[in-house]
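The values are calculated or read from the model by the stated rules, or taken from the named source; none is laboratory data. Computed from a predicted structure; not experimentally measured. Virtual Cβ from ideal backbone geometry, glycine too; neighbours counted across all protein chains shown. For the accessible areas, the whole protein counts, side chains as well, though only heavy atoms, and no ligand, DNA or RNA atoms are used. Shrake-Rupley method; radii C 1.70, N 1.55, O 1.52, S 1.80 Å.
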2 protein chains.
Amino acid sequence: MVIYGTHPVEEALRGRRKVHRIWATEPGNWTGNVTIVSADEIAERAETDAHQGVAALVDPYIYVDEAELLAVENPFIIALDEITDPQNLGAIARTAEGVGVTGLVIPERRAAEVTPAVCKASAGAVEHLPIARVRNLADFLQSAKDKQCWVYGAAAGSDTRYDQPDYKGGVIAVMGAEGKGLRPRVASMCDDLVSLPLLGKVESLNVSATAAVLLYEMLQQRLDAST
Amino acid sequence: MVIYGTHPVEEALRGRRKVHRIWATEPGNWTGNVTIVSADEIAERAETDAHQGVAALVDPYIYVDEAELLAVENPFIIALDEITDPQNLGAIARTAEGVGVTGLVIPERRAAEVTPAVCKASAGAVEHLPIARVRNLADFLQSAKDKQCWVYGAAAGSDTRYDQPDYKGGVIAVMGAEGKGLRPRVASMCDDLVSLPLLGKVESLNVSATAAVLLYEMLQQRLDAST
């Protein structure tokens, strides 16, 4: 696939997949098989104007196996239930990589996958973040529970404040789709549903903001536990 | 100005500024002076295809006076230092409104202001959030300090973890520009600089994710103090 943008190409160069060639408007610090071309040619190859003067032909995105994520001791995983907006998937991937999660899990169907737009929205973080696609998210959550993980779903309006549970040990944070929230079967797999207090007039936060707050609350507890 | 999108128009109707007329592709539940028109006509009036079938002619955005924000007892304010991306301003405004901050402060120059794109990115939250534009952000922070507020700047790599300070009482969170961070004079006005732990390979988070985490940490402490 052809990815584009400064950070996405930089991170691909130090990531897991092969970068076959780079098109750039200026030599800059690009390494490898670099061709200097016009901005128009990059726009044509990247199929967008948001290329920041660089695009790269790279191997398809390399997903990891879900079992790998659950093989880690006390995994810290974020799972997304049918998030369809590439901006949201990218933003969540960027935060999740910064938090140092074991991995991100997305469903195979009715959900955004790792496209060049997602690479861009994640500022290239997807190149370093283990991402698994699963056939059935509820089944994955059951496998996680079988391995003694605790599963917490974010659900606006639920009674448990997001900072109340104990997030040490194996833990899975599950985020619902934009506007629709968690599907009933996915919600039923959660040990608890947690929510962020909302004190204004808006009825919900953006899912990527909710994910950032929940992931950092989890990280904070896990860091405090390890010191 | 002409705003667009379902949430932005809905929130404008229950907000502070006057809605003069609405153009919609379908009657829906819109109230007031509504005209049913084609999607193309809405796109032309809104100057974007991201209109979701509705646009509205509204009064200019109503900013509040910075003194109003500081007149509140123990204000909880977020200030943005030259954030230029409308998506980031909108995303931060949405989270800030949800957190129930006293208000948001932005500089008059070299910064995004409340445009229709910001209304859309905030899902209409800007209609309920008090936003002040200040001539000089460092001077505003000095005024806040004169009123016994504590000022905390978010700066990647700083020594103080974001959850260490005491955020009760009057508090101002200051966010730096995308990629550039806080300007030196603004940073020098901060009582402390705080950072989010980054455990991955990415060097920074998106400013709206950082703002969400910091604002909710502040809210959490303030809620715990009031119970």
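A few remarks follow.
- Residues within region B:190-205 that are more than 7 Å from chain A (Cβ to nearest Cβ), in a loop (DSSP other than H, G, I, E, B) and either of a type in the set (S, T, Y) or farther than 15 Å from A:A125 by Cβ (or both), tallied: 3
- For region A:192-225, residues that are over 18 Å from A:P165 (Cα atoms) and among the β-branched types (V, I, T) total 2.
- Conditions (1) crowded, with 20+ Cβ neighbours inside 10 Å; (2) not in a strand (DSSP E or B): number failed by A:E113: (1)
- Some residue of region B:209-227 being open to solvent by 30 Å² or more (accessible area, probe 1.4 Å), under 28 Å from A:V101 (Cβ atoms), assigned to a loop (DSSP other than H, G, I, E, B) and not polar (S, T, N, Q): no
- Of the residues making up region A:153-189, those that are under 20 Å from the mean Cα position of the chain (by Cα), open to solvent by 20 Å² or more (accessible area, probe 1.4 Å) and away from every other protein chain (no Cβ under 14 Å) are A:A155, A:K180, A:G181, A:L182, A:R183, A:A187.
- Residue in region B:3-17 that is at pLDDT 95 or above, more than 14 Å from chain A (Cβ to nearest Cβ), farther than 27 Å from B:V101 by Cα and not in a strand (DSSP E or B) present: no
- Of the residues making up region B:122-148, those that are assigned to a loop (DSSP other than H, G, I, E, B) and open to solvent by less than 10 Å² (accessible area, probe 1.4 Å) are B:S122, B:G124, B:L129.
- Residue ID - farthest from B:A209 (Cα to Cα), chosen from residues in region A:206-227 that are free of Cβ contacts under 8 Å to residues at least 40 places away in the same chain and facing another protein chain (nearest Cβ under 10 Å): A:D224
- When region B:29-59 is filtered for residues that are surrounded by 14 or more Cβ atoms within 10 Å (Cβ to Cβ) and assigned to a loop (DSSP other than H, G, I, E, B), the ones remaining, listed by number, are B:W30, B:V37, B:T48, B:H51, B:Q52, B:G53.
- Within region A:122-139, the residues that satisfy the criterion of being within 8 Å of chain B (Cβ to nearest Cβ) and out of contact with any His (no Cβ under 8 Å at 6 or more places or on another chain) are A:A125, A:H128, A:L129.
- Residue that is open to solvent by less than 10 Å² (accessible area, probe 1.4 Å), touching a residue at least 40 places away in the same chain (Cβ under 8 Å) and closer than 30 Å to B:V174 by Cα, where the choices are B:I62, B:I3: B:I3
- Selection count where residues are among the charged types (D, E, K, R), more than 19 Å from the chain's Cα centre (by Cα) and either closer than 22 Å to A:I131 by Cα or in the same structural domain as A:T115 (by TED's automatic domain parsing) (or both), scope region A:1-58: 1
- Some residue of region A:181-189 being of a type in the set (S, T, Y) and assigned to a strand (DSSP E or B): no
- The residues of region A:78-106 that are within 15 Å of A:V134 (Cβ to Cβ) and either away from chain B (no Cβ under 14 Å) or open to solvent by 10 Å² or more (accessible area, probe 1.4 Å) (or both), listed by number, are A:A79, A:L80, A:D81, A:E82, A:I83, A:T102, A:V105, A:I106.
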